[in-house]
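Below is one structure, written out as structure tokens; comments come after it.
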Amino acid sequence: MSESELDHLSSELDLILSAVARVSEVAKDDIAPTSHPLPLLNVFREDVITPSLTADEALSGAPAKEEGRFKVPQILGEEA
């Protein structure tokens, strides 16, 4: 690294070290380290089969359809 790069990074290193020191001031042994202030839990629900639309019903309002699917404008420039 050049001298100017070292000079620039030295001031940033001081900021980083002072931020770590501030965290260390409040980090106590009786406080467990966490990634989030509140506990996070996954919420699961039962998989329940419910009536849904048939393919024909779903496609009935489509402005364009092809081979049992919605037909949309080409966006990637690939040949069909």
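Things worth noting here:
- Among the residues of the stretch 1-27, those identified as part of a helix (DSSP H, G or I) and of a type in the set (A, V, I, L, M) are LEU6, LEU9, LEU13, LEU15, ILE16, LEU17, ALA19, VAL20, ALA21, VAL23, VAL26.
- The set of residues in the stretch 32-80 that are aromatic (Phe, Trp, Tyr) and part of a loop (DSSP other than H, G, I, E, B) contains only PHE44.
- Cβ-Cβ contacts under 8 Å between residues 6 or more apart (or on different chains), taken from a first residue in the stretch 42-59 that is free of Cβ contacts under 8 Å to residues at least 24 places away in the same chain to a second residue that is hydrophobic (A, V, I, L, M, F, W, C) and surrounded by 10 or more Cβ atoms within 10 Å (Cβ to Cβ), are listed as LEU59/PHE70.
Where a number appears in this text, it was derived from the coordinates with a stated rule and is not lab data. Keep in mind that what you see is a predicted model, and the values were worked out from it rather than measured. Positions of Cβ are backbone-derived with ideal geometry, glycine not excepted, and every protein chain shown enters the neighbour counts.
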